[in-house]
1. Return a yes/no flag: does the range 112-120 have any residue that is part of a helix (DSSP H, G or I) and β-branched (Val, Ile, Thr).
2. Go over the candidates Pro33, Pro83 one by one and state the one that is modelled with pLDDT under 95 and in the same structural domain as Asp130 (by TED's automatic domain parsing).
3. What is the residue count in the range 280-304 for residues that are closer than 29 Å to Asn131 by Cβ, modelled with pLDDT under 95 and surrounded by fewer than 19 Cβ atoms within 10 Å (Cβ to Cβ)?
4. Residue check, Asp294 against (1) of a type outside the set (Val, Ile, Thr); (2) over 18 Å from Pro77 (Cα atoms); (3) touching a residue at least 12 places away in the same chain (Cβ under 8 Å), all met but one. Which one?
5. Kindly indicate whether Leu173 is in contact with a strand residue (DSSP E or B) (Cβ under 7 Å, 6 or more places away or on another chain) and in the same structural domain as Ser253 (by TED's automatic domain parsing).
6. Could you grab me the full set of residues in the range 158-195 that are buried (at least 18 other Cβ atoms within 10 Å of the Cβ) and part of a helix (DSSP H, G or I)?
7. Out of (1) outside the structural domain of Asp222 (by TED's automatic domain parsing); (2) out of contact with any Leu (no Cβ under 8 Å at 6 or more places or on another chain), what's the single condition that is false for Gln249?
Amino acid sequence: MNRRRLRFLSLPLIVVVMAACTSAATAVPTAAPTAPTAASSVAAVVPSPTANPCSAATLKTLTAGKLMIGTDNPAYPPYFQPPATGNAPKPWELGDPTNGQGFESAVAYAVAAKLGYAKTDVGWTVVPFDNSYKTGTKPFDLYLAQVSYTADRAAAVDMSDGYYFVNQAIVALAANPISKAKTLTDLAAYKFGSQQGTTAYDTIQNTIKPTNPGKVYNTNDDAIAALKAKQIDGLVVDLPTAFYITGAQLDKSVIVGQFPAATGPDAEHFSIVMAKGSALTTCVNSTLAALKADGTLDSITKEWLSDKASAPVFGQ
């Protein structure tokens, strides 16, 4: 009897003890605050972006943030297009380089835009053709006026990769017997002229090799006047210029024919002219490559330059 009562009296005590043990076992100690790590206490270092060496903000031009482009005057179509009013703003004659119309004006503004220059940041200046590739200080950053690459010119100035590959042609009065010439042999007895300092004169001397020495003139206008006055039988110019002369400048004139275009490293091409050692040369070449790759240069060429199919090629 006493033994049973003692057993029952002990049960509440056991329960209390077990509850206390359970509470002690499940208690979770409060975590001590942790000190910030060295890495999280230092601001993350973000590298500065590398400046684009071929942007308007970094290119070294005559005037910071501006691009000065030179060309010859008169500014002949189809390279520079006359404005809708028909009158180019002074000092320009015939075409207006500043309107973005015409092959070389369009190429110039495409290059400028690719380099980051707005149209309003592009200026134009008159520079005679011969002066563009002479040794010395230049009043332009870039020069476009159908300047064909030659090693002699490249010794005095920087010349870009080609932006147009060209061949030469002969313009004559339709009534002149030369208009019927088909081969180089047919051409030998005639008199030829060209603008001085151009590769057209080289074509006369080295390709046609006429009996009479070729004549040179200060401008194409002077050469056209000589052709009209019958002082020469044929005028040698690049093919797009030949299309313009026969289509707009000289009545009753024809393109007698064109010379086969050279291929490979000897292919005649127009280059953008820059001062010798110009900081722009590499960027201009990379820009021209980009304009070729994205189809821009091809599109400009098709829009502004005549198709070559209508001018026969001289045989030997």
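The values are calculated or read from the model by the stated rules, or taken from the named source; none is laboratory data. What you are looking at is a predicted structure, and each value in this text was computed from that prediction instead of being measured. Quick reminder, even Gly has a Cβ in these numbers, built from the backbone with ideal geometry, and neighbours come from all protein chains shown.
1. Yes, the range 112-120 contains at least one residue that is part of a helix (DSSP H, G or I) and β-branched (Val, Ile, Thr).
2. Values: Pro33 fails: in the same structural domain as Asp130 (by TED's automatic domain parsing).
Step by step, each of Pro33, Pro83 is checked, and only Pro83 is modelled with pLDDT under 95 and in the same structural domain as Asp130 (by TED's automatic domain parsing).
3. Looking only at that region, the number is 1.
4. Here Asp294 clears every test but (3).
5. Numbers: in contact with a strand residue (DSSP E or B) (Cβ under 7 Å, 6 or more places away or on another chain): yes; in the same structural domain as Ser253 (by TED's automatic domain parsing): yes.
Judged against the criteria, Leu173 is a match.
6. Ile178, Ser179, Leu187
7. Looking at each condition in turn, Gln249 falls short on (1).
Yes or no, residue by residue, for (1) more than 25 Å from the chain's Cα centre (by Cα); (2) in a loop (DSSP other than H, G, I, E, B); (3) of a type outside the set (A, V, I, L, M):
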position: Gln205; (1), (2), (3): yes, no, yes
position: Ala225; (1), (2), (3): yes, no, no
position: Ile232; (1), (2), (3): yes, yes, no
position: Ala242; (1), (2), (3): no, no, no
position: Ala261; (1), (2), (3): no, yes, no
